[in-house]
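Please treat every number below as a calculation from the coordinates, not as lab data. What you see is a predicted model, and the numbers here were worked out from it, not measured in a lab. As a convention, Cβ positions derive from the backbone with ideal geometry for all residues, glycine included, and neighbour counts pool all protein chains shown.
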Amino acid sequence: MIQNNSTNNGGTAPTDLNVAPLSRRIRPYLIVAPALLITIGILIPFGMAIYFSMTGYTFRNPDPTFLGFKDFAFLKNWIRMFQDAQFWNAVWVTLRYAFWSTIIELLLGLGIAMLLGNTDNRFSRILRVALIFPLMVAPVIGTLIWQLMLRSGVGIIDKFLNTLGIYGMQWGASSKTAMLTVVMIDVWVNCPFVIILVLAGIQSLPKSPFESAKIDGGSAWFNFKTLTLPMLKPTILIALLFRLMAALQEFGIIFALTKGGPGDTLMSLSVTAYTRAFLYQKFSGALPFILVLWFIVNTVAKRIVTAWRKSQYQATGKELEEVAKKEGLIKRLVKGGKAK
Amino acid sequence: MTAQKRLYSILKNAGLAIYAIFALFPLLWMVLLTFKSDAEMLTTTFVFHPTLVNYEEVLLKTDYFRYIKDSIIVAGGAVIISVLAGVPAAYALARYNFKKKEDIAFQILSFKFAPEILVVLPLYMIYDKLGLYDTYFGLIWVYQLISMPLIIWVVRGYFEDISVEIEHAAQVDGYSWWQIFFKILVPLIRPGLVASALLCFIFAWNSFTFPLLLAGIKIEPITVAATKYLAQNTVHYGQMAVAATFSALPSIIFAICIQKHLVRGLSFGAVKG
């Protein structure tokens, strides 16, 4: 028992590391090491990206001899980028795409999850399984299907619009509707993610506050606003975190649909960086674009994670206590709320 | 009151039905297209003479099986490595107390949020120099960014769910650490482990950016091949549909198998469904 103290205390209390032999102390690091090494090997590029963004590296000039400062560009690539109108356009496109796809997915996903959570018939049970299908299809394959559906002549949506008297919708090919089209495809692929997360959140809610609220006779909207939503907040924030991070970086859907066109309507930071590096062969000039994206993603992610931790605390404790006090439910709530 | 309730129930089901059509119709329509000959493609909608000619064209006359094979090797290899290295790491992060534990765990999670293009651009150079460009190993390695965080975070949660008492009891019975791990813990987490491994497989199978930029000549996973198909054959819509269907099928089948664990896997253990 004593000799295994440090290995099996279940992470409950700091153990006597000073007493344990060295082999036992380093064991956890040794166990984690392979996983860390495999992934950190891939991480070297992060450092290289910053370094190469300050050189004149291109595929034609693969040896910029940066240690000898021959092609050392220092901040030239960065300054050039900030003066570039296309960069600001790319930031704007990235933020718009992320905002619209995330907000629609969250609202629609929350709505559908509430409907599914309140319905229990055969239709809803089948739906719970079938809804995840679009999420499991590769986003580029989903884009391919939508491209076929929207294409004039063969596409079913185009045919349907024709019967309504609407002809020649350009979808991805028109700068007016390109954003709408990619956001629609993104929603189709990723909305199920929000739905199943929120649905799981709904199902794990404690029953007692709702029973009590029923007795008190509050309206459905009031219950949703004061009970369901605050308790679901951690789940919603997790959905927001995963969706927003992915939407900010989305490459596959935009690339498969229009490669960033028409013009630079859909030139997000990811697509711009790809285009510059591989089509224009300006490798080091493309890196600052993607480093800015990484900075945006990182900043946003940290904020959401902080908010999530706070909300988890509130949802299981403080804030609901206040709501419950108003409703006179405190006893039952403490019982149900901590059951999680 | 009852009339109001009935109206509410009708509206509810109607809302669900509309979303169901939005979500599922594209997939049904894609499957429908696979049975349609080129001649009927533009002239018919739902009523046509079903044919298997598209399947013959794609599966027998192109390299489609090679693409599927590439996808299986790369996604499967990525999952195997992630499980071998990730499960012990997950155990250590769940059970041991050590300095920088949470930092390491969050470092691993942060890989998930790294922009793929940022990794790919410098990696392209490294791979080019090391000769890893367009190789199975190169892709399997970079796929660790997709599969390793998922395996570690999800499996860690399953380990944390197991009571330490079980391990203590086994120790008292004289089991060694290895025996406890393989004979007691692994069987207990197996459903969760299998589910997260399958989810990793799905994500790796669906990956597009990595294989597009780090492979594509000798090794061509199915996502890259299918998009190329669309770019080249602008008239054979039925064949495209076959290509898309075969790419989507494994993911959907696996997803049905791991339904119960899906929420946990997708949220990296943050939401326990």
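The ratio of the alpha-carbon radius of gyration of the protein assembly as shown to the globular-protein estimate 2.2 N^0.38 Å is 1.03.
Take the Cα of residue B:169, step 7 Å toward its Cβ, do the same at residue B:128, and the gap between the two points is 6.0 nm. Equivalent ellipsoid of region B:96-165: semi-axes from √(5λ) of the C-alpha gyration tensor, largest first, are 31, 13, 10 Å.
Once you reduce region A:248-269 and region A:134-156 to the center of their Cα atoms, the two points are 16 Å from each other.
So if the hydrodynamic radius of region B:1-154 is defined as the Kirkwood radius over C-alpha pairs, what does Stokes-Einstein give as its diffusion coefficient at 4 °C and 1.567 mPa s, in µm² per second? Reported coefficient: 62 µm²/s.
Can you tell me the FRET efficiency between residue A:122 and residue A:50 if r is taken as the Cβ-Cβ distance and R0 is 51 Å, rounded to the nearest 0.05? It comes to 0.35. For peptide A:23-34, the mean count of partner chain Cβ atoms within 10 Å of a residue's Cβ comes to 6. Here region B:117-205 is described by how far its Cα atoms reach on the three principal axes: 54, 23, 19 Å, from widest to narrowest. Averaged over residues, the count of other Cβ atoms within 10 Å places the peptides A:91-102, A:236-247 in the sequence A:236-247, A:91-102, highest first. Hey, what D do you get for region A:84-337 in µm²/s if you plug the Kirkwood alpha-carbon radius into Stokes-Einstein at 4 °C and 1.567 mPa s? Rounded, D is 63 µm²/s. Think of the protein assembly as shown as a dipole: +1 on every Lys or Arg Cβ, -1 on every Asp or Glu Cβ, centred on the Cα centre; then among B:181, B:247, A:271, B:181 lies furthest on the positive end. Spherically averaged projected area of the convex hull of Cα atoms, region A:180-256: 6.1 nm².
Per-residue Cβ neighbour counts within 10 Å put B:236, B:261 in the sequence B:236, B:261, beginning with the fewest. Taking only the alpha carbons of region B:25-103, we obtain Rg and Dmax values of 23.4, 68 Å in that order.
Between region B:195-273 and region B:1-68, the alpha-carbon centres lie 18 Å apart. Applying the criteria of a DSSP loop state and at most 10 other Cβ atoms within 10 Å to the chymotrypsin sites (Phe, Trp or Tyr not before Pro) of region B:203-234 yields no site. Over 22 Å between Cα atoms, which of A:207/A:233; A:159/B:12; A:310/B:12; B:61/B:228; B:183/B:272 qualify? From the list (A:207/A:233; A:159/B:12; A:310/B:12; B:61/B:228; B:183/B:272), the Cα-Cα distance tops 22 Å for A:159/B:12; A:310/B:12; B:183/B:272.
Geometric descriptor of region A:221-295, per residue, is 118 Å³ (volume of the convex hull of the Cα atoms).
Against chain B, whose longest principal axis is taken from its Cα atoms, helix B:237-257 shows a tilt of about 30°.
What FRET efficiency comes out for residue B:84 versus residue A:166 if R0 is 56 angstrom and r is the Cβ-Cβ distance? Round to the nearest 0.05. My answer for the efficiency is 0.55. Counting beta carbons within 10 Å around each of B:41, B:148 and listing the fewest first gives the order B:41, B:148.
Averaged over its residues, how many other protein chain Cβ atoms are within 10 Å of peptide A:141-153's Cβ atoms? Don't jump to the answer; show the numbers that get you there.
Numbers: counts 15, 6, 4, 12, 10, 2, 3, 10, 5, 0, 2, 1, 3.
For peptide A:141-153, the averaged partner shielding equals 6.
The Cα trace of chain B gives Rg and Dmax of 23.3, 75 Å, the first to one decimal, the second as a whole number.
Spin-label pair residue B:260-residue B:179: with each label point 7 Å from Cα along the Cα-Cβ axis, the two points sit 2.9 nm from one another.
Taking 0.36 nm per residue of sequence separation and subtracting the Cα-Cα distance, how much length would be gained by fully extending the chain between residue B:28 and residue B:56, in nm to one decimal? Don't skip to the answer; put the middle values down first.
Values: separation 28, 0.36 × 28 = 10.08 nm, distance 2.02 nm.
Length gained, residue B:28 through residue B:56: 8.1 nm.
Fewest Cβ neighbours within 10 Å first, please rank B:189, B:252 accordingly. Don't skip to the answer; put the middle values down first.
Values: B:189 22, B:252 19.
Listing B:189, B:252 from fewest to most nearby Cβ atoms yields B:252, B:189.
Spin-label model, residue B:5 to residue A:298: label points 7 Å out along the Cα-to-beta-carbon direction sit 5.7 nm apart.
Using a 10 Å cut-off on Cβ to Cβ distances, tally the other chain neighbours for every residue of B:81-93 and report the average as a whole number. Walk me through the numbers on the way to the answer.
On the way: counts 3, 3, 0, 3, 9, 5, 2, 7, 9, 3, 3, 9, 5.
Taking all residues of B:81-93 together, the mean is 5.
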